[in-house]
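Since every read-out is calculated from the coordinates, none of them should be taken as a lab result. The structure presented is a predicted model; accordingly, all values stated were derived computationally and were not measured. All Cβ positions, glycine included, derive from the backbone under ideal geometry; neighbour counts span all protein chains shown.
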Ligand code: GLN
Ligand code: ZN
C-alpha cells in the first residue's frame, strides 16, 4: 500500500480570511482572542480539505511566517523584544513588522529583515543570531495544534518543522560569528522537541531541509551527518523533506542520513529519481513529490502513473506520494473562480484540486487504474484539450520564434556612437534628472479604475479621468524642472497585470491569491498560451503625455523577464521560449512608441534577479536567455532612441556583467539605502553605459535633503564619470503621497543643479 500525504496547505484561507483577521488585530479592531479563533477556524477548514490523506501536516499554519514560528519554538528572539510589555503574540508581531496592535512609540522596535524563501515569491523573517545566542524550547504552538488536529479527527497528524541545518542556514549573524557554530547548542532543543511531539502521539515528524537542493560546502554537509546522527532516536520517525530542485551531489548524503524517510521533489528532480530509488537503503520510506506544488496546472495523471507504477512496484509499502513541496505557493481553491472560462478552468488545479489528484494517484497505485477510470479519463480529456487548444498554440507566434536571429538583439551602433547621436538630439544637461515611472496612486485614481472595471463609468469617462491625471503629473514635473518626464502610470494597477490584460495568452483569476509575506498576498496572472500583442498597449497614453510638454517624455514598459517571473507560467515549453515570445510582443510595443515619436523608452526589469536558479552553477544559462530576451525587446530601435531599464534591488554585483550585456543606454537602480555601497563593483568592473543610482529612498516617507543627495552623487561620481550619471529616485513613486513627493523631488532637482554648477567650476 502506497500512502498519500501533504507537506503543507495554504494558510491564508480561500478568501484571504487570515489577512483580514491579522489586519483587524493590528489596527486594534479585533482582540487577540478573535484573531486566534479565526486562525483556528482556518485550520479546521484546511484539515477538512485534507481528510482523504493518510498523513496530514500540522504546524504548517502560521500567523505570519513559518520561519518566525520556528524561531519562537527554538526560543531565538532578538534581544530588543525582551522585556517589552504585552503577550508573546505582541512580540511575535513586533519581530515580524516592528509593532503589534496598539503599540505606540516605546513599544515599536525595528522589525527583523525579510527575504525570499528560496526561489519563491514568499518572504520569511530572517532569524538573527550572534555567538552568544542560546536556544530554549517553546513547543506550545506545535503541541496545541497537534492536539487540535487529533481532535478534529484527521488521519495521522504529522508535525512539520524546519530542520536544524536549514534553520541555521536561514539565520543571519549580527556579529562576526559563524552560524554553523551554533549547531551544538541547537541540537538538544531539537531532541527535546521531537521527544515532546512523540509523547503527544506524533508517529512521524516532517523535517524540512530544502537546503539539500543547493550547493553545500563540505562543512555544511558534515554538519548534516552530525545533526542527524544526534537526532537518531527512533521515536518519532523523521521524514527528511527536500524540495525546489535536485539533490545532485547531495544525493548520497540525503539518502544515507539516519532518518526513517526521505521526500524528494520528483517534478523538478525527475531525472534523478531512479538514482534516489537505487541509493535509498531498503528500510526507508521514499516520499515522491509527484504533483507540482509551484504551479497551477493539472497534473497529467496517466503520464505520472507511467513512471510512478514501476517505482511503486519496487518500493511497495515504502512508497508515499505527495505534492513536490508545500502547497503554500499555490492558490487555495479553483471552485471559487466564477469568471474563468471553461477551457482554461479545465486545465487548472489549485491546492484543493491538487489533493484530489493526489487521491486519484494513490488509488490508482493501490487498486489499479481501473479503480479510478472515470477520473483518469476526465483528466486525460483536460490534458488533451490543453495540448491541442488553438488558444494555447498560435502557429504565427511559433513561426516568429523560429525566425529570431541574433540580429534582433543588436542595436544599429555601439553605445559610444549612439550616445553621441542621442546627446545631440536630446540636449540634456549634465546630471539629467528623471523619475522611475509611477506617481502617487491616489485613492481617487483607484476608485476610478474600480468604477471602470465594474462598468460604472464609460471608457470615455475613464479615459478623460486618466488624461486629467497625466496632465497633473506633467504639470507638476514641469514646475519641478525635471529633465525627462514620465506620464505617471495612473492607468496601471500593476506593472505586470497591465500588460497581461492586453496580451493574448494570459488569463486572470479572481481569488488566485498566494501569500507573499504576512498579510500581503499576490495574484499572479496565468500565462497559458502563445503570446501575441493584438494592438498597441501604451502608445495612446504616452502620445497624449508627450503632447502636453516640449520636454522629452519617457515611454514606460515592463520587460519580458519581469513579466515572466511574476506570472504563473505554462509548463509545456521551456521558460526561455515563453520569455522570447514576451520579448517579441514588447519589441513591437517599443517600435510603435518609437514610430509615435517617443525618443526615450524605459523597459523595467524589476524582477530579473528573482529568476536566478537556486544553484549558482545554473545562473549563467538563465542570465544568457534573460539578457537575450531583454535585448530582443529593446534593440529594434534607431540609434536616436534612448533605451532605459530599471532594476530595484541593490545586490547586483554578482550579475553585473550580464546587466552590462543588456546594453541599455541608461540603467536606473536602487542604491540610496545601501549608501551607494553597490557602486563598489564599479571599481573592478567598468560599466560602459549611463547609470542613474537612486538617491531618494522611496520606501520611506522621509524627505531626503539636498545635501544627502549631493553626497550620494559625489560618491557615485568617484566611480563613474559624471557625463554618464543620471539623478533619480530608487524606484517608482506610486506608494507615496504627493505631499512627500514634491518636496523630495524639489530637493533632488536642486541637488542636480548644485552638482552641475560645481562641475562648471
Ligand atoms: N516603472 C515602475 C514604477 O515606477 C517600476 C516599478 C518597479 O520597479 N517595481 O512604478
Ligand atoms: Zn523599482
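Details
- Taking only the alpha carbons of segment 690-761, we obtain Rg and Dmax values of 12.1, 38 Å in that order.
- The value given for segment 1-126 is a Kirkwood hydrodynamic radius of 15.9 Å, derived from the mean inverse Cα-Cα separation.
- Here r is the Cβ-Cβ distance between residue 278 and residue 84 and R0 is 51 Å; the resulting FRET efficiency, rounded to 0.05, is 0.40.
- When you restrict to C-alpha pairs under 8 Å that are six or more residues apart and normalise by the size of the chain, the relative contact order lands at 11 percent.
- Just so you know, the Rg over Rh for segment 634-749 is 0.97, from Cα atoms, with Rh as the Kirkwood radius.
- Taking N as its residue count, the alpha carbon Rg of segment 408-513 over 2.2 N^0.38 Å: 1.42
- Fraction of C-alpha pairs exceeding 18 angstrom in segment 220-290: 33 percent, rounded to a whole number.
- Note on residue 699/residue 199: beta-carbon distance plugged into 1/(1 + (r/R0)^6) with R0 of 41 Å gives a FRET efficiency of 0.35.
- For segment 498-567 versus segment 614-659, the spacing of their alpha-carbon centroids is 19 Å.
- Calculated mean residue ellipticity, 222 nm, the chain: -13000 deg cm²/dmol, from DSSP H runs (n ≥ 4) at -39500 (n - 2.57) each, averaged per residue and rounded to 500.
- Here the convex hull built on the C-alpha positions of segment 524-664 has a volume of 117 cubic angstrom per residue.
- For peptides 237-247, 619-629, sequence by mean Cβ density within 10 Å, most packed first: 237-247, 619-629
- Where only alpha carbons of the chain are counted, the Rg and the Dmax (Å): 27.2, 86
- Per residue, the average separation of C-alpha pairs within less than 8 Å and at least 6 apart gives segment 349-478 a relative contact order of 9 percent.
- Spin-label proximity, residue 573 to segment 605-640 - amide N less than 20 Å from point 7 Å beyond Cα toward beta carbon: 622-634
- Its residue count N fixes a reference of 2.2 N^0.38 Å for segment 595-690, and the Cα radius of gyration divided by that reference is 1.12.
- Here each label is just a point 7 Å from Cα along the line to Cβ, and for residue 23 and residue 413 those points are 5.3 nm apart.
- When all alpha carbon pairs of segment 660-708 are counted in 10 Å bins from zero, the resulting P(r) reads 23, 48, 24, 5 %.
- Zero-based 10 Å bins, Cα pair distances in segment 113-229, whole percents: 12, 39, 36, 13, 1
- Longest to shortest principal axis, alpha-carbon extents of segment 408-456, angstrom: 51, 32, 14
- Spatial separation of Cα centroids for segment 309-377 and segment 405-468, in angstrom: 44 Å
- The angle separating the long axis of helix 32-49 from the principal Cα axis of greatest extent in the chain is about 70 degrees.
- Between residue 215 and residue 52, the simple spin-label model (points 7 angstrom out along Cα→Cβ) gives 4.2 nm.
- D (Stokes-Einstein, µm²/s), Kirkwood Cα radius, segment 247-340, 1.002 mPa s at 20 °C: 149 µm²/s
- The Cα center of segment 1-78 and the Cα center of segment 677-747 differ in position by 41 Å.
- In nm, spacing of pseudo-spin labels at residue 33 and residue 735 (7 Å Cα→C-beta vector): 3.5 nm
- Axis angle, to the nearest 10 degrees, between helix 301-315 and the longest C-alpha principal axis of the chain: 40 degrees.
- Peptide ranges 699-705, 362-368 listed from the most packed, as the mean C-beta count within 10 angstrom indicates: 362-368, 699-705
- Peptide packing: for 685-696, 528-539, the average count of neighbouring Cβ atoms within 10 Å per residue gives the ranking 685-696, 528-539, highest mean first.
- Average projection, convex hull of the Cα set of segment 1-60: 4.2 square nanometres.
- Calculated over segment 77-168: convex hull of Cα atoms, volume per residue (Å³): 157 Å³
- Along each principal axis, Cα extent of segment 441-569, largest first, Å: 42, 32, 30
- Mean projected area in nm² (Cα convex hull; one quarter of hull surface) for segment 152-293: 9.5 nm²
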